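I have placed the structure first, in the form of C-alpha cells, so that the comments after it can refer back to it.
The values are calculated or read from the model by the stated rules, or taken from the named source; none is laboratory data. All of these numbers come straight from a predicted model, not from anything done at the bench. For neighbour counting, all protein chains shown are included, and Cβ atoms are generated from backbone atoms with ideal geometry for every residue, glycine included. Just the protein is used for accessible areas: all its heavy atoms, side chains included, with ligands, DNA and RNA removed. Shrake-Rupley method; radii C 1.70, N 1.55, O 1.52, S 1.80 Å.
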Amino acid sequence: MHELVDRLRQPDARITVLTGAGVSAASGVPTFRGADGLWRNFRPEALATAEAFRRDPGVVWEWYAWRRSRIAACEPNDAHRVLAGWSHRLPNFKLITQNVDGLHERAGSEKTIRLHGSIWEVSCWQGCTTSPRRWRDDTVTFKEMPPHCPYCGGLIRPGVVWFGETLESSVISQASDAAICDVFLTVGTSAVVYPAAGLIEEARRHGAFTVEINPEATPATPSVDLALKGGAETVLPEIDRQLKSPMR
Ligand code: BV8
C-alpha cells in the first residue's frame, strides 16, 4: 500500500476512482450479484431491461420501488465519505460510479460521473415532448403502481441505463477522459458490466497505476498492478489515514 500512497501523494497526480455496488454494501444496499442481489428470485439482468419493462412495467416498478425504499433507509458509509473528501482535497481527482443509489452525492461527492443514471430520477416512457428529458423524483411509496407521467398520463420509467441501452455519449466521453490518469482505483465492482469494466483496461493502456479494492477476486484482478483484498469501508479509510499521516 506504501507505493499507492506515495503515488497518491504526488502533487499533480491525476487520480480516478471507479465504484460499483460493493462501496454501498456496508451501507446495507443490496449488491447486484452477491447473495443479497436477488429479488423474488429474479436476476437483475432479467429486470433491468426495456424488454422486461415493456412486458410488465408493474413488476419492474415494484423492484425499483423496493430498491428505493431500501436505499432511502441507508446512510453513506466511510468509503463514500473518504471519496467525498478526496474530491475536495485532491486537485486532480475524478469519481466514476456505476451505482444509481445516490450515496456518493449524499456523502458530499461533487461532479460524479454517473455511468448508469440515478434511481432517484425518472423520465417519460413515451418520451412526451411536454416533459423534461429526465427529472428528479424522490418518491418512495408511489400512490399508483406503475406510476404515470404527470405531463402526458403515460408511464414513467426509472432514470437508469438498462442492459441493452447505450450510455449517454457525454458520460462515456467524460469517463474515457477520466481514464487518462496516473492512478486508477476500481472499488467494489465485479468488473463484468461493460463499458464500465472496460475503463480499467483503458486506464492501464494510458499508463495508470491500477488498483483494485474488493474482498473477492474479479476478472480485473489478474491485470491490476495492486489488488487490495478487503472491504472498501475499511481499506479506503486506511489509505486515507496513511495519506494524511506525515511523510515517512
Ligand atoms: C451497452 C442500472 C451498448 C440499472 C446497470 C447483449 C445485449 C446487449 C448488451 C450486451 C449484451 N451482452 C453484453 C452486453 C453489454 C452489457 C453488459 O455488460 N452485460 C453484462 C451483464 C455481460 N452492457 C450493456 O448493456 C450496457 N450498454 O453496452 O450499450 C450496446 C447496446 C445494445 C447492444 C450491445 C451493446 C449497459 C450496462 C448498464 C446496465 N445497468 N445498472 C439498475 O441499477 O437497475 S448495471 C448494474 O451492474 C449496476 O449499475 C451495477 O453497478 C453494475 C455492475 O455491478 P457491480 O456494481 O459490479 O455490482 P455487483 O453486485 O456485480 O458486484 C459487487 C462487487 O462488490 C463484487 O465484486 C463484490 O465482491 C464486491 N463487494 C462486496 N462487498 C464489498 C465489495 N467490494 C468492496 N467492499 C465491500 N464491502
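Tabulated data
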quantity: Approximate spin-label separation Ala46-Arg241, in nm, with each point projected 7 Å along Cα-to-Cβ; calculated: 4.3
quantity: Residue-averaged 222 nm ellipticity for the chain, from DSSP H runs of 4+ at -39500 (n - 2.57), nearest 500; calculated: -9500 deg cm²/dmol
quantity: Candidates Arg106, Arg157, Arg55, ranked by Gaussian network fluctuation over the chain, Cα under 10 Å, top entry; calculated: Arg55
quantity: The chain - Cys residues lacking any other Cys C-beta under 4.7 Å; calculated: Cys74, Cys181
quantity: Val59-Asp12 pseudo-label distance in nm [points 7 Å out on the Cα-to-Cβ vector]; calculated: 5.6
quantity: Percent carbon-and-sulfur accessible area, the chain, ignoring ligands, DNA and RNA, probe 1.4 Å; calculated: 53
quantity: Over the chain, relative contact order from alpha-carbon pairs under 8 Å, at least 6 apart, %; calculated: 23
quantity: Residue of Ile119, Ile156, Ile15 that the Gaussian network model of the chain assigns the largest fluctuation, springs spanning Cα pairs under 10 Å; calculated: Ile156
quantity: Inter-label distance, nm, simple model (7 Å from Cα along the C-beta direction), Met1/Lys229; calculated: 1.6
quantity: Kirkwood Rh (inverse of mean 1/r, distinct Cα pairs), the chain, angstrom; calculated: 18.8
quantity: Cβ charges +1 (Lys, Arg) and -1 (Asp, Glu), total dipole of the range 176-225, debye; calculated: 60
quantity: GNM result for the chain, Cα springs below 10 Å: residue of Thr139, Thr186, Thr129 fluctuating most strongly; calculated: Thr129
quantity: Percent RCO, i.e. relative contact order, over the range 109-248, from Cα pairs under 8 Å lying at least 6 residues apart; calculated: 18
quantity: Cα centroid separation, the range 83-105 to the range 1-72 (Å); calculated: 15
